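The values are calculated or read from the model by the stated rules, or taken from the named source; none is laboratory data. In this text, all values refer to a predicted model and were calculated from it rather than measured experimentally. Note: ideal-geometry Cβ built from the backbone for every residue, glycine included; neighbour counts use all protein chains shown.
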Amino acid sequence: MTNPGAASLEFFASRYNIDSVAMSSLLSIALSRGGDFAELFFEHRTNSAIQWEDQRVKSASRNVAQGVGIRVVKGDAIGYAYTESLEMEAMRRAAETASRIGTADERPVPVDATPMLQAGSFYSTTDPLTDEPAARKVALMERADRAARGYDPSIARLDASIGDELKYVMVARSDGKVVGDIQPLIRFNVSALSQNGQSRQVARTGGGGRLGIEYFDRVTPEELAREAARQAVLQQGAIEAPAGTLPVVLAAGDSGVLLHEAVGHGLEADFNRKGTSNYSGRVGQPVASPLVTVVDDGTIADSRGSINVDDEGNPATRNVLIEGGTLRGYLHDEVSARHFGVTPSGSGRRQTFKDYIMPRMTNTFMLPGQSTPDEIIRGVDRGIYAVSYSGGQVNISNGDFVFSVTEAYLIEGGKVTAPLKNVMLIGNGPEVLSRVTAVGNDYQLSDGRWTCGKDGQSVPVGVGMPTVLVSGITVGGTKV
């Protein structure tokens with residue numbers, strides 16, 4: 001295995017049995033009806049997964065997919081076609097299909113597909129998990145099972161899963177740029193059941209990133225299993241959550257998923273190009289508390305959302321979206337960048353070669369501030385301390401959200417007290433950012449377990465957050 005920063009373009013091209021002459025021919029056909037821009041996206045992906053339930057392997061799978069997607073851009077319109085066959089005739093038909101977004105009857109124009117190496121590398125591919133034998137993966141889940149059951153006698157069951165992916169991509173563009181990348185990905189999930197009489201409480205956690213087997217040198221299966229067990233046992237003694245508008249302290253790390261969903265999607269440029277985001281037309285205007293700076297950064301080493309190049313062949317970048325409360329810009333793919341007259345931000349992503357490209361987040365987080373977490377909590381007389389989440393829903397057009405909190409506590413007199421259950425956070429993303437009154441100095445990037453869905457496509461992402469105090473969020477609970 002070789003590192004993408006060192007691999008030659010011949011290495012990538014040989015995987016698809018194609019050369020620069022053939023790529024140039026396909027791009028010429030794609031532009032033959034007057035398109036403005038075209039690209040070829042070659043992908044070879046290997047996925048495997050093992051499910052562990054009730055002290056035994058329930059299922060195991062391994063899948064391989066390969067193909068090419070061909071896109072033609074004409075203004076804001078897109079023509080797209082793909083083929084799983086890499087025979088030249090099949091690729092020509094796909095290029096001709098994509099070309100029909102254009103209206104001119106022109107002869108194919110010559111395109112020079114010149115190899116250009118991608119220099120940056122934000123993850124290693126020296127020991128991909130896909131190369132590990134199944135027995136070694138099963139052993140990791142057995143270790144997790146023993147650790148969870150050893151944490152507390154009430155742990156009656158531990159379910160786990162381990163998934164890995166190794167993806168080779170090559171992008172050839174009509175502007176002459178050709179780049180390749182090797183993208184590893186792993187995810188380890190655990191779910192612990194605590195049973196105490198008739199009370200059954202389940203908690204889930206996990207982690208991963210753009211790593212191989214070395215991930216488990218950083219975070220052991222035992223740590224992840226004990227964390228799930230801790231949360232499940234904690235819920236046995238949890239009390240019902242209060243209802244109403246209360247100060248909420250968002251804990252460092254996983255709270256970044258609220259930022260991702262309630263704010264991040266509204267900063268993706270396709271929504272703003274169409275005028276359907278609450279942030280449309282507001283670049284340069286205040287949109288949050290002056291304490292808030294939001295960044296999307298695809299260059300964080302080994303993080304789940306990191307990419308050396310996006311799916312358009314543009315290098316990953318660090319994008320400051322909100323700075324000191326002021327909106328600075330959006331996340332762009334080629335189409336939105338051309339529309340707004342700006343440079344692409346390395347945010348063009350797709351689920352597979354069968355899918356079209358959209359502006360998507362990579363690793364989205366809020367920068368740290370000056371307060372300590374203890375200072376922030378001491379400043380709250382009565383409120384909620386929200387630690388971890390199981391997901392939520394958001395309306396992109398106005399930023400309204402609902403989030404389910406899986407670990408939360410009551411704050412009373414400046415101290416964290418009783419654990420809570422059935423906590424829902426209900427609010428509006430822009431309003432919540434305007435109500436941030438303190439930002440901690442304890443920024444954390446959540447461990448790599450998050451996946452983002454948009455228009456039926458899922459891509460891996462990272463989220464992060466320091467401890468943050470929001471002066472008021474509606475809490476959906478059952479205790480008045």
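Computed quantities for the displayed model
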{"read-out": "Test result for Ser336, of a type in the set (Gly, Ala, Ser), in a helix (DSSP H, G or I) and not assigned by TED's automatic domain parsing to the domain that holds Ala38", "value": "yes"}
{"read-out": "Residues being crowded, with 24+ Cβ neighbours inside 10 Å and modelled with pLDDT of 95 or more - total across the stretch 440-459", "value": "1"}
{"read-out": "Residue count for the stretch 384-403, restricted to those that are surrounded by 15 or more Cβ atoms within 10 Å (Cβ to Cβ) and of a type in the set (Gly, Ala, Ser)", "value": "4"}
{"read-out": "Test: residue in the stretch 367-382 that is part of a strand (DSSP E or B), touching a strand residue (DSSP E or B) at 6+ places or on another chain (Cβ under 7 Å) and surrounded by 23 or more Cβ atoms within 10 Å (Cβ to Cβ)", "value": "no"}
{"read-out": "Flag for Val439 being in a strand (DSSP E or B), within 23 Å of the chain's Cα centre (by Cα) and not assigned by TED's automatic domain parsing to the domain that holds Arg204", "value": "no"}
{"read-out": "Those residues of the stretch 301-326 which are β-branched (Val, Ile, Thr) and either assigned to a strand (DSSP E or B) or in contact with a Lys or Arg (Cβ under 9 Å, 6 or more places away or on another chain) (or both), in sequence order", "value": "Ile307, Val309, Val320, Ile322, Thr326"}
{"read-out": "Qualifying residue in the stretch 362-377 (condition: modelled with pLDDT under 95 and not charged (D, E, K, R))", "value": "no"}
{"read-out": "Pair list, Cβ < 7 Å and 6+ apart or interchain, from the stretch 398-421 residues that are outside the structural domain of Gln201 (by TED's automatic domain parsing) and closer than 15 Å to Leu469 by Cβ to residues that are of a type outside the set (A, V, I, L, M, F, W, C) and not in a strand (DSSP E or B)", "value": "Gly414/Arg378; Gly414/Gly379; Gly414/Asp381"}
